[in-house]
């Protein structure tokens, strides 16, 4: 029996006001979901550098003010096959704030086009949208990074 590998991933949660930038995805197992930008960590690459590189590769934007937020362990099915990720999560900002004004941002991942959009955290906390990976929403809401939706807003 071939042993599956655990994938190391770095994600960057880019926040503007009460929204985060996330790409829309779909799988048969999960349905429609949103996921922050990021991807695999290469051997010998620091996770912070991987998050910066992935955003640069995916949407050609530069990041600044990256801060470690936490670690999420994700066990899920992909195409019916069990998968396992350790996801190192960062928060960050666009070096060029004009990116915050774009409603939809076109991206490219492994020769596939995708769209990222600004999604309100309240859409996730109220169950109107799904945030992937599992455990990320709890990390965002419980973090001291101020990512929870503001009360009374």
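Laboratory data are not the source of any read-out in this text; all were calculated from the coordinates shown. None of these values were measured; they are calculated from a predicted model. When we count neighbours, we look across all protein chains shown, and the Cβ atoms used for this are built from the backbone with ideal geometry, even at glycine.
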Item to complete: As a check on your grasp of the helix formula, calculate [θ] at 222 nm for the chain: sum -39500 (n - 2.57) over DSSP H runs of n ≥ 4, divide by the residue count, round to the nearest 500.
Response: -4500 deg cm²/dmol
Worksheet item: Under Stokes-Einstein, with the Kirkwood radius over Cα pairs standing in for Rh, what whole-number D in µm²/s applies to region 13-153 at 37 °C and 0.692 mPa s?
Response: 210
Worksheet item: Using Cα pairs under 8 angstrom and six or more residues apart, how large is the relative contact order of the chain, in percent?
Response: 28
Practice prompt. Report the label-to-label distance for residue 71 and residue 106 in nanometres (one decimal), using points 7 Å from each Cα along the Cα→Cβ vector.
Written response: 3.9
